[in-house]
Amino acid sequence: MIYLLAIILGLIQALTEFLPISSSAHLILARGILDFDFVDGLTFDVGLHVGTLAAVVVYFHKDIRMLIGGMFSTFVRPDIKNNPAQALAWMMVVSCVPAALVGVFFEDVIEIYFRNPMVIVATLILGGALFLLVERVCKAAGTMEDMTFGRAIIIGLAQALVLIPGVSRSGITISIGMAQGIRREEAARFSFLMAAPLLAGAGAKKAIDLSSQQLASGEMAVLMLGVITSAVAGWVVIRFLLNFLRTHGLGVFAWYRFALAAIVGGYLVWAA
C-alpha cells in the first residue's frame, strides 16, 4: 500500500507542478486525505522536486544547453544586445531572483500564515479568474524571442507569489506572459525553463535541511519510487501541456480550479 501511495503522490506532483492548477494545494490536500507518513514529509518533498526537475532538464535539454552556453559566453565575449542566447540566459536569471528572495526570507512566514485550506480556496478562485480574464482580454502573438528584461522581471515578480498554496507557478507565469503579449505555449515554455533553477534551489535547500537524516532501506525504496514516478509523469505532462496550449485556452483549468475550490470550501463549511 505504501508503494501505491508513493506513486500517487509522484503523479500528483508531476500533474500539478506543470499544469496550472497548483502543486502545493493538491499535495497539502492529498497528504491530509492519504495520511502519508512512512517517509518524512520534507524528505519526500526533496525527492518529488528532484523528479520534476529531471523532467524539465530532459525535455528541454537543448534549450538548457543553449542557455548555459549563452550565459558563459557573456564572460568571454559579451554581446547581450545582439546575442539572443546571452540575453535569454540572463533574463532567466533575473526572473528567478524575486521568487528566490521571497523563498529565503519569507518561507517561514508563508508556512505559518498561508498554508491552510481557506487560503487554498481563495487562491484557487483568484487564479481561475485571472485565467479567464487574460484569455478574454489579451490577444497574445509574441514568441519567447520577443521576451525583454522588463517582461522577465514582471513575470519573475509574479512567480514570487508561488510559495502561497494554490497560486500555481505555471498558471501565474503563463498568465502574466500572455498579458505582456506572449503566446500561451511560448509563455509556458519560458515558465518551464524558469522552473528549473527554482526547483533545483528548493530541492537543494531542503536537502541541506535534512542532510544529517538517515533513511532505512525501505524508506529509500519508497522515495525512489516517488522520484521516478514524478520524473516520468512530469515529462509526459510537459509535452501534453505545450501541445494543448497551441490550440486551447486556459479556461478548462480555470473551471477545474473553481470546482476544486467549491469542493474544499463546501467540506470546510460542513466540517465546521
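Bear in mind these aren't lab numbers, they're just calculated from the coordinates by the rules spelled out. None of the values given here were measured: they were computed from a predicted structure. Glycine also receives a Cβ, built like all others from the backbone with ideal geometry; neighbour counts cover every protein chain displayed.
Quick notes
- Taken about its Cα centre, segment 114-174 carries a charge dipole of roughly 160 debye when the Cβ of each Lys and Arg holds +1 and the Cβ of each Asp and Glu holds -1.
- Relative contact order (percent, whole number), the chain, Cα cutoff 8 Å, 6+ residue spacing: 37
- The ranking of 49, 26, 61 from fewest to most other beta carbons within 10 Å of each one's beta carbon is 61, 26, 49.
- The gain in end-to-end length when the residue 93 to residue 122 segment is fully stretched comes to 7.4 nm, 0.36 nm per residue minus the alpha carbon separation.
- For the chain, the membrane-span-like helix rule (DSSP H, alpha carbon extent of at least 24 Å along the helix axis, mean Kyte-Doolittle at least 0.5) picks out 2-18, 41-59, 84-113, 117-137, 217-247, 251-271; this says nothing about an actual membrane.
- The fraction of Cα-Cα pairs per 10 angstrom bin, counted from 0 for the chain, comes to 7, 29, 36, 21, 6, 1, 0 percent, rounded to whole percents.
- Between residue 220 and residue 61, the FRET efficiency from the beta-carbon distance, with R0 = 35 Å, is close to 0.80.
- Sorting 103-114, 85-96, 139-150, 223-234 by their mean Cβ neighbour count within 10 Å, with the most densely packed peptide first, gives 223-234, 85-96, 139-150, 103-114.
- Placing +1 on the Cβ of every Lys and Arg and -1 on the Cβ of every Asp and Glu, with nothing else charged, gives the chain a dipole about its Cα centre of roughly 860 debye.
- Amide H within-cut-off set for residue 142, under 5 Å, with H built and near neighbours excluded: 182, 183
- Dipole axis of the chain (+1 Lys, Arg; -1 Asp, Glu on Cβ), positive-most option in 170, 132, 25: 132
- All C-alpha to C-alpha distances of segment 99-166, sorted into 5 Å bins beginning at zero, yield P(r) values of 3, 14, 17, 21, 20, 13, 9, 4, 0 percent in whole numbers.
- Mean-square fluctuations from a GNM of the chain, with a 10 angstrom spring cutoff on Cα atoms, peak among 137, 237, 50 at 137.
- Sum of -39500 (n - 2.57) over DSSP H runs of 4+, divided by residues of the chain (222 nm, nearest 500): -27000 deg cm²/dmol
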